[in-house]
1. Which values, in whole Å and largest first, are the semi-axes of the equivalent ellipsoid of the stretch 391-501 obtained as the square root of 5 times each eigenvalue of the Cα gyration tensor?
2. Over all Cα pairs of the stretch 153-192, how is the pair count split among 5 Å bins, expressed in % and running from 0 up to the last occupied bin?
3. To the nearest 20 debye, what is the magnitude of the charge dipole of the chain about its Cα centre, counting +1 on the Cβ of each Lys and Arg and -1 on the Cβ of each Asp and Glu?
4. Using 0.36 nm per residue of separation minus the Cα-Cα distance, give me the extension gain between residue 168 and residue 430 in nm, one decimal.
5. Could you tell me the largest-minus-smallest coordinate of the C-alpha atoms of the stretch 67-119 on each of the three principal axes, in descending order and whole angstroms?
6. Return the distance in nm (one decimal) between the two label points of a simple spin-label model at residue 158 and residue 509, each offset 7 Å from Cα along Cα→Cβ.
7. Give the distance, in whole Å, between the Cα centre of the stretch 468-498 and the Cα centre of the stretch 84-139.
8. Consider just the alpha-carbon atoms of the stretch 536-576 and return their Rg together with their Dmax, both in angstrom.
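Nothing in this text is a laboratory measurement; each read-out follows from the coordinates by a stated rule. Remember, predicted model here, so these are calculated numbers, not experimental data. Cβ atoms come from the backbone with ideal geometry, glycine included; neighbour counts cover every protein chain shown.
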Amino acid sequence: MTVTRGAHVVAGMQGPDVVDRADRESLDAMVAALDDHATAWARVGAGARAALLARVVHDTLDVAEEWNAAACVAKGYEVESPEGGEELFSGVGTLVTLAQALRRSMEDLATVGRPRYPGPVRHRPGNRVSIGVLPANVFDRVLYAGVSAEVWMEPGVDESTVRATQAALYRHPFEQAGVALVLGAGNVASLGPRDALHKLFVEGKVVMLKANPVNDYLVPYWERALSALVEGGFLTIVRGGAAVGSYLAGHERIDEIHVTGSDKTYDAIVFGSGETGSSRKAQDQPVIDKPISCELGNVSPVVVVPGEWSRREIEYQARHVATMLVNNAGFNCLTPRVIVTDARWRQRGEFLDALESVLASIPTRRAYYPGAADRRAMFLAAHPDAHELGDGGEGRMAWTIVRDVDPTVVDDVCLNVEAFCALASETALDAADPADFVARAVTFCNEVVWGSLSMTLLADPRTMADPHVGPAIERAVADLRYGSIGVNIWHALSFVVATTSWGAYPGHERTDIQSGRGVVGNAFLFAQPQKSVVRGPFVSRPDPAWFATNARAAGVMRALLAFEAAPSWWRLPGLVAAALRG
């Protein structure tokens, strides 16, 4: 079967492309008001910006419970369920984390002239350096025990260049002044606001944030959480579908665009839709020729390096990978879509059986995102032998695993299309030994699997210590062309911690945009990040609070949110105790 390579099509970006006169006049007035405040925003110093972010943290915490309750209703969760805790963390908590990270950088800019990254700085293959960004303080060492993160720079960028180019915006703020349009995603509640903060504080633009119709019910909560920026005239939030997005994207007073969605959405914005758009794309004749940054999804791989795993390790990694799939009901750009195993690994079947057993024990969720059933049907048509786990009735979707996809059929839908629902596949590579498997997996992920956003690599500590396999794994980390790589921890952490960069691996042309261009997050304001690498222990004790199997996730996440908003030693024992009880 021949398939079109690419991500899901985002609902809300299709349909009528006409905005009536009254709406045009209203939008024109809002864009003009923002444009009039662009220079005023450039005048706001780093210290004052830190104060604005402190208020954002306070106001977000104040609206958090109402915001989370509304999101839980929309997605069919109980607030006090594990799913409700997950939603609180991803929907509200990750916004607070980014705001706090940016606030600390603004304070550093005000006092020492640049954000102070913790290090260490290491030399990496390919004439690159990496900058350690986690743990950044003593609290991180407790909250992220055993976890580290680093940002790798583009080749040829040494530490002196990193320091010289870091936060360059703040040396010439008026040169960067302008209006950015942020076309928000519809799946994760924090994405639109986070992208807006990035454009404001990392790139120096005032922002028009257009909510996706899927989650535009959150606009009142966003306006309250970000009221300090709205009231200052630096941020405007609007609702609307494809017509509003298209009108704003082409507006003469909008200087640049950021979109989180799919490559199909990007193509429609840049080249237009239908046959005319396809023709323009083929000839590289855009209808909009202004700077566009974008995060557009991925067929995210999880590479499982063969080893001798204990039963406890198999069960732990089954819970780990199951969590990756069920988070947000599978409606994430960072959901794993293809599990890459070694065909000769004798524990392959045992691991996959354990994964399916965990999935079968986790309640299925409402398929709230438009088009999910049709996307799933496309995969099942190609693979009718897929394993379906759990109740798929009454608007819910069974967890689905497609086993044993042939890796030589390079146009298989599982390798080329982001499912964007509760479905993942597994494929096995034939290799001579574990080191050879790792090398083949790198080639397979880089050359066959669609996209370059994020991936995870799992290897037990004994295998990591092997004199042949360990170096092969480190070469893989260096050679994998992904914007974020997780080693023994879900690559989603690179999105969560905010001090890392989040976006596609650099180099995509606009006629083959794949996972996108540019980064968000990046709270240390690095000028030339290439990718981020997060590392964690192969097994954590106890299971992380974010595991889908943690029955006490809601209470832990509430305690974590309070701690992120106001870190202090007196809050720490209660947070640790809540996590241990989970």
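1. Numbers: eigenvalues 135, 72, 40 Å².
Values for the stretch 391-501, descending: 26, 19, 14 Å.
2. Reading upward from the zero bin: 5, 17, 13, 12, 14, 19, 16, 4.
3. Details: 54 positive and 68 negative charges, 287 e Å.
Roughly 1380 debye, rounded to the nearest 20.
4. Extra length from residue 168 to residue 430 when fully extended: 89.5 nm.
5. 47, 21, 13
6. 3.4
7. For the stretch 468-498 versus the stretch 84-139, the Cα centre distance is 18 Å.
8. When restricted to the Cα atoms of the stretch 536-576, Rg and Dmax are 11.2, 30 Å.
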